[in-house]
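Some notes on the structure that comes next.
Computed from the coordinates by the stated procedures, all read-outs in this text should not be read as laboratory data. Quick caveat: nothing in here was measured; it's all calculated off a predicted structure. Virtual Cβ from ideal backbone geometry, glycine too; neighbours counted across all protein chains shown.
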Amino acid sequence: MSRKMKITISIEDENGETYIEETSVKTLPHIKEIDKQGFRKSFSQLETAVLEARKEVSDEAVKKYMEEISKKKRNAK
């Protein structure tokens, strides 16, 4: 049995409307798994999941934001 963690980044416009939203979901060790495999291994899995999720979601949000900026610049010309 495991748990899931969601990290979401949303970029909003000045009116508070969501412009871009990205979410990453990762599996985390359940408390029973921590007992079986030990704290250090479980903590390492937790830390890795958090770092991977944060990187994925931030990379994707920035990519989409830059694509939108690029579209606006092309349309303005």
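Values as computed for the structure displayed
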| item | result |
| --- | --- |
| Every residue from the range 23-43 that is hydroxyl-bearing (S, T, Y) and within 18 Å of the chain's Cα centre (by Cα) | T23, S24, T27 |
| Selected residue (criterion: surrounded by the fewest Cβ atoms within 10 Å (Cβ to Cβ)) from residues of the range 62-77 that are under 17 Å from T23 (Cα atoms) and among the basic types (K, R) | K63 |
| Subset of the range 39-61 that is of a type outside the set (D, E, K, R) and closer than 14 Å to E22 by Cα - its residue that is surrounded by the fewest Cβ atoms within 10 Å (Cβ to Cβ) | S58 |
| Selected residue (criterion: nearest to R54 (Cα to Cα)) from residues of the range 1-10 that are within 13 Å of the chain's Cα centre (by Cα) and of a type in the set (A, V, I, L, M, F, W, C) | I7 |
| Selection from the range 50-65 of residues that are among the hydrophobic types (A, V, I, L, M, F, W, C) and either closer than 16 Å to I11 by Cβ or not in a helix (DSSP H, G or I) (or both) | V57, A61, V62 |
| Selection within the range 1-36 - in a helix (DSSP H, G or I), loosely packed, with under 13 Cβ neighbours inside 10 Å and of a type outside the set (D, E, K, R) | I31 |
